[in-house]
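Every read-out reported here was derived from the displayed coordinates using simple, explicitly stated rules and does not represent laboratory data. Only a predicted model underlies this, so the values are computations on that prediction, with no experimental measurement involved. FYI the Cβ positions are ideal-geometry reconstructions off the backbone, even for glycines, and counts take in every protein chain you see.
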Amino acid sequence: DAGVTQSPTHLIKTRGQQVTLRCSPKSGHDTVSWYQQALGQGPQFIFQYYEEEERQRGNFPDRFSGHQFPNYSSELNVNALLLGDSALYLCASRQFVGSGTYNEQFFGPGTRLTVL
Amino acid sequence: DAKTTQPPSMDCAEGRAANLPCNHSTISGNEYVYWYRQIHSQGPQYIIHGLKNNETNEMASLIITEDRKSSTLILPHATLRDTAVYYCIAPDNTDKLIFGTGTRLQVFP
């Protein structure tokens, strides 16, 4: 089992550009969440996808959008990049089991995005 | 979400127990306490969670006070590989984890 995989591992963009990050969830998982982690800070929740729909969203602008595919993989898109978007972007997956039951989230290694 | 407070850093000698405290005085009755850790250059890793009873698994033990206002994560025999940032989280939504800045644990030889 490869666990959660993310690509690319590193990426350099310039202000105003657009970027797409990719995530493949752990085998058997159908729910994908994205987090942004600035240097020295804890991860911040961006949004979650389940059944190809955005189910929950954190306090991030509309420049951040996503998609989930039928095979449960997911993309994070960021438009009009700002210097402040430089961060480690983490993908986490779990198997949805409904409310009242906790299934731990498995995190990928992240994509390091640098905006110049 | 209940706000959690952790010391910014701690040291522990290899082979000794590491006791990481967390205050969550505003936790509500149905909010669990979760612990994750993040080793350098990796994504966070789930460790353990609990509601009001003490919990133990192959990685750690979690001791929650009777009033549930604080908890302690115990790594019984710390190794160098346990050097990481440890996050204590008490979310009202387990799909939307709210991480603080955590405790940076340094295990030294």
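Some values worked out for this structure:
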| quantity | calculated |
| --- | --- |
| A:R55-A:Q95 pseudo-label distance in nm [points 7 Å out on the Cα-to-Cβ vector] | 1.4 nm |
| For region A:10-116, Kirkwood radius (reciprocal of mean inverse C-alpha pair distance, Å) | 14.0 Å |
| Region B:18-95-region A:11-30 distance, computed between alpha-carbon centres (Å) | 29 Å |
| Alpha carbon convex hull of chain B, projected area averaged over orientations, nm² | 6.3 nm² |
| Which of A:P61, A:L83, A:Q36, positive extreme of dipole for chain A (C-beta unit charges) | A:L83 |
| Shape box of region A:61-113 [Cα atoms, principal axes, largest first, Å] | 39, 21, 20 |
| For chain B: relative contact order, % (alpha-carbon pairs under 8 angstrom, 6 or more apart) | 37 percent |
| Rounded FRET efficiency, nearest 0.05, which uses the C-beta distance separating A:H67 from B:I63 and R0 of 45 Å | 0.60 |
| Extension gain, B:T101 back to B:S28 (0.36 nm per residue minus Cα-Cα distance, nm) | 24.1 nm |
| Extreme residue, positive dipole direction of the protein assembly as shown, given options B:I47, B:C88, A:L113 (C-beta unit charges) | A:L113 |
| Neighbour-count ranking [beta-carbon atoms within 10 angstrom, fewest first] of B:I47, B:I39 | B:I39, B:I47 |
| ³J(HN,Hα), Karplus 6.51/-1.76/1.60, whole Hz, each residue of region B:67-81, x for Gly, Pro | 7, 6, 8, 7, 8, 9, 8, 10, 9, x, 9, 4, 10, 4, 6 |
| Cysteines without a disulfide-compatible partner [the protein assembly as shown; Cβ-Cβ under 4.7 Å] | B:C12 |
| Estimated distance in nm for a label pair at B:N53 and B:L80, the labels positioned 7 Å out from Cα along Cα-to-Cβ | 3.9 nm |
| Hydrodynamic radius of the protein assembly as shown per Kirkwood, over alpha carbon pairs, in Å | 18.1 Å |
| Hull shadow area, averaged, region B:59-99 [alpha-carbon convex hull, nm²] | 3.9 nm² |
| Proximal lysines to B:K3, defined as alpha-carbon separation beneath 22 angstrom and excluding residues fewer than eight positions away on the same chain | B:K52, B:K69, B:K96 |
| Gain upon complete extension [A:L116, A:L82; 0.36 nm per residue less C-alpha separation] | 11.4 nm |
| Cα centre as origin, Lys/Arg/Asp/Glu Cβ charges: region A:36-116 dipole, Debye | 240 debye |
| Chain A: relative contact order in percent, alpha carbon pairs under 8 Å with at least 6 residues between | 36 percent |
